[in-house]
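Working notes for the structure below.
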Amino acid sequence: MTMPVAYSIEVVPPRALVGDPVSANLRCVATASAPGVLTFRHRSLVVELNRAGLIEPSIAFPNRHAIEAVDKLIRLSSSGGVEDLAAGDERMRTFDLVSLFPDIVLGVGKLAVTYCLEEAEPPLRVNPAFVEVCSGPEAIPHLLERLGDTSPTVRACAIAVLGQMTAQDFGFDPDAPARDRERSLQRWRDWWGRAGSRMPWSYGSKGATFGVPPGTPPASRRSEHLGGIAYPERP
């Protein structure tokens, strides 16, 4: 039996630099009249991300919220997400994957992104879309922008990656007051513009190196390794 609604996913861009915005675009289109369709506001939406090396996929529940009541954590579901669609009706929703999965997307690798609607009948799960995240020195300004993110989790992941790539921290605390974070961020920007961006880069390493020749950079200035600054010696 052919389902009257076609669900799909697209990841944009399909190739990104660490720190770039990466969006998952969810789409469903009714091919015939369909009552009671589960759309992307429904409580049972689960977004899933996988990458080689993960023990199990990472999942997010973008329509679910938790509150604390009577010393218990209660998961509440958002209302809506069930609609009557006519032939040709379309519903779309876009998610920033860095916000959903900062510890994975702020890294390198080929990522597979999919979603399911757990309460759909029959069960619904779409084929994954892929994005390849690579690295290089041009990723640093993108990661610095992430230090200004509204999410402390995103800020914490960004500063951890920056530290690995540059062996610097400039006192940035992702949980500090906004004024203190801005001062540290400005120190980062000043250092990168004045010194960091002019240093040689190791494209084949897992982070900053010390006293190791960086080798010949690839023409693309991109790598599947995180890489980092190649310091002539350890400070």
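The values are calculated or read from the model by the stated rules, or taken from the named source; none is laboratory data. These figures come from a predicted structure and were not determined experimentally. Here the Cβ positions follow ideal geometry from the backbone for every residue, glycine too, while neighbour counts run over all protein chains shown.
A few points about this structure:
- Residue selection: residue 188 fails the criterion of being aromatic (Phe, Trp, Tyr), under 20 Å from residue 146 (Cβ atoms) and either out of contact with any Gly (no Cβ under 9 Å at 6 or more places or on another chain) or exposed (fewer than 13 other Cβ atoms within 10 Å of the Cβ) (or both).
- Residue that is surrounded by the most Cβ atoms within 10 Å (Cβ to Cβ) [pool: residues in segment 104-121 that are in a loop (DSSP other than H, G, I, E, B) and of a type in the set (A, V, I, L, M, F, W, C)]: 106
- Each residue in segment 145-167 was checked for being hydrophobic (A, V, I, L, M, F, W, C), touching a residue at least 60 places away in the same chain (Cβ under 8 Å) and touching a helix residue (DSSP H, G or I) at 6+ places or on another chain (Cβ under 8 Å), and 3 pass.
- Matching strands (runs of 3 or more DSSP E) fully within segment 1-47 where at least 2 residues are among the β-branched types (Val, Ile, Thr) and farther than 30 Å from residue 164 by Cα: 5-12
- In segment 198-218, the residues that are of a type in the set (Gly, Ala, Ser), touching a Pro at 6+ places or on another chain (Cβ under 7 Å) and surrounded by 13 or more Cβ atoms within 10 Å (Cβ to Cβ): 202
- Segment 130-154 - residue that is part of a strand (DSSP E or B) and hydrophobic (A, V, I, L, M, F, W, C) and, of those, farthest from residue 179 (Cα to Cα): 130
- Residue-level check: of (1) outside any strand (DSSP E or B); (2) surrounded by fewer than 17 Cβ atoms within 10 Å (Cβ to Cβ), residue 159 misses just (2).
- Matching residues, segment 162-183, being outside any loop (DSSP other than H, G, I, E, B) and of a type in the set (A, V, I, L, M): 162, 165, 178
- The lone exception for residue 53 - which of (1) of a type outside the set (A, V, I, L, M); (2) within 30 Å of residue 220 (Cα to Cα); (3) at pLDDT below 90; (4) in a strand (DSSP E or B) it fails: (4)
- Unique residue being modelled with pLDDT of 90 or more, more than 29 Å from residue 184 (Cα to Cα) and under 23 Å from the mean Cα position of the chain (by Cα) when the list is 128, 102, 137: 128
- Every condition in (1) assigned by TED's automatic domain parsing to the domain that holds residue 62; (2) at pLDDT below 95; (3) not aliphatic (A, V, I, L, M) holds for residue 214 except the one numbered (1).
- In the condition set (1) at negative phi; (2) surrounded by fewer than 18 Cβ atoms within 10 Å (Cβ to Cβ); (3) out of contact with any strand residue (DSSP E or B) (no Cβ under 7 Å at 6 or more places or on another chain), residue 171 is compliant with all but (1).
- Scanning segment 219-227 turns up at least one residue that is loosely packed, with under 14 Cβ neighbours inside 10 Å, over 21 Å from residue 98 (Cβ atoms), over 24 Å from the mean Cα position of the chain (by Cα) and at pLDDT below 95.
- Checking each residue in segment 84-126 for being touching a residue at least 60 places away in the same chain (Cβ under 8 Å) and charged (D, E, K, R) picks out 89, 90, 91, 93, 96, 118, 119.
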